[in-house]
1. Keeping all protein chains in place and using 1.4 angstrom, which order do A:67, B:79, B:51 fall into by accessible surface area, from largest down?
2. Buried accessible area between A and B (1.4 Å probe, both chains summed, ligands and nucleic acids excluded), in Å² to the nearest 100?
3. Would you tell me the accessible area of residue A:130, worked out with a 1.4 angstrom probe on the heavy atoms of the protein chains, in Å² to the nearest 10?
4. Let me know the charge dipole size of the protein assembly as shown about its Cα centre in debye, to the nearest 20, where only the beta-carbon of Lys, Arg (+1) and Asp, Glu (-1) is charged.
5. Tell me the label-point distance for the pair residue A:7, residue A:102, using the 7 Å Cα-to-Cβ offset, in nm and rounded to one decimal.
6. Would you list B:105, B:61 from the most to the least accessible area, probe 1.4 Å?
7. Can you give the charge dipole size of segment B:98-137 about its Cα centre, rounded to the nearest 20 debye, using +1 on the beta carbon of Lys and Arg and -1 on the beta carbon of Asp and Glu?
8. By how many degrees, between 0 and 90 and to the nearest 10, does the Cα long axis of helix B:157-181 differ from the longest principal axis of chain B?
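The values are calculated or read from the model by the stated rules, or taken from the named source; none is laboratory data. Everything quoted here is computed from the prediction, not taken from an experiment. No Cβ is skipped: glycine too gets one built from the backbone with ideal geometry, and neighbour counts run over all protein chains shown. Heads up: the accessible areas ignore ligands, DNA and RNA and are worked out on the full protein's heavy atoms, side chains in. Shrake-Rupley method; radii C 1.70, N 1.55, O 1.52, S 1.80 Å.
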Amino acid sequence: MKAYDLSKVSLIMVDDDKFMRSLLLQMLRGLGFKSVMACDGVDAAIDEMRVSAYDIAMIDWVLGGEKSGLDMVKMIRKGEIGERMLPIIMLTANTKLAAVMEARDAGITEFLAKPVSAQTVYSRVVEVIEAPRQFVRTKSYFGPDRRRRKDEKFEGPFRRAEDANDLSIDAGNAKPEPAKV
Amino acid sequence: MAVSDSPKPAGPGPQSEPPNHELIPNPNPVSLKAAPMPGRMVEELFARAEKAVATLQGEFTQILAKEATRGEKALQIAKAEPGKRAAQLARLRGIWHDLRGKGSTMGYPLVSTICDLGCDYLDAAPKDAQETVEIADKFAETLRVVVAKDLKSSTDATGKVLMATLRQVAEMAERKAKEAKA
């Protein structure tokens, strides 16, 4: 991994656990962040994002209030708060596949499993910097492209309904099959 | 890979269906603000971050003891008052969920493992069964030992025995919980 100067990158972090906020704050400062705002819930984060713009959001899934971290992700992607294409790193101790898929479908950028380490936090930030994904807007989704890897030699099967449209300009020499979903 | 800011064409001809998605390039403003530091090693950044986190060690040890006690109290109530069992087990799960998210970061990987196994068990087990309380108590007991002896590593002799036993209990308990549900 490359070393980056993160002193000009601002980050808003949302976690209802006071100790976890302290921990992440120390870790992020150690990694070089100078501008970190720590909020204890979605409402405080919304207030903060109304007055200041941030480059990255780091949001814990389980929050004490009425709204969860996932609700906040959805609000951002709907354009209700902050910049709609804000990179979002979702924090959670629930690493079951179903949870990862749910977070992905809500439009997160990166998934960060707790317990965290300096390496795992930094690696997600580097992923945001070095591997930005294009955004996709459909009737039911707005967020980073959920297909992380593009295999130019992929020849199908094409399972998405949208693939039928994609093929005309995206699939190159792929041999299309009828869309199945 | 072609990307466009406007809806993609859905094929030739005026009768084509309207596109059902659009692809939007990511302007990635973060990359403009994060400057590479040639000659600097990431290990330096990690070491600095870990040193900063280590300043919280004392605070975590206190939290661990306090939360383990809160968990014990929840279990005591669940044992004594069947009507409150489900609520107290949910409370216990919340405590373990928080601890599993911090333990390893703060140098207590055993705490994270025990609480992770405990959460998985409680997710699978019937919420109002006396047996669930009894098995949950085994996890709590293991946590009690870790806290009392300040055990940090799962690789020393005590840690290994503790974890091997607990994994066996967890596997058996999860299997029984699934059978009961089925």
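1. The residues order as B:51, B:79, A:67, largest area first.
2. 4400
3. For residue A:130, the solvent-accessible surface is approximately 100 Å².
4. Dipole size: approximately 380 debye.
5. Taking the simple label geometry, residue A:7 and residue A:102 are separated by 4.2 nm.
6. B:61, B:105
7. Dipole magnitude for segment B:98-137 comes out near 260 debye.
8. 80
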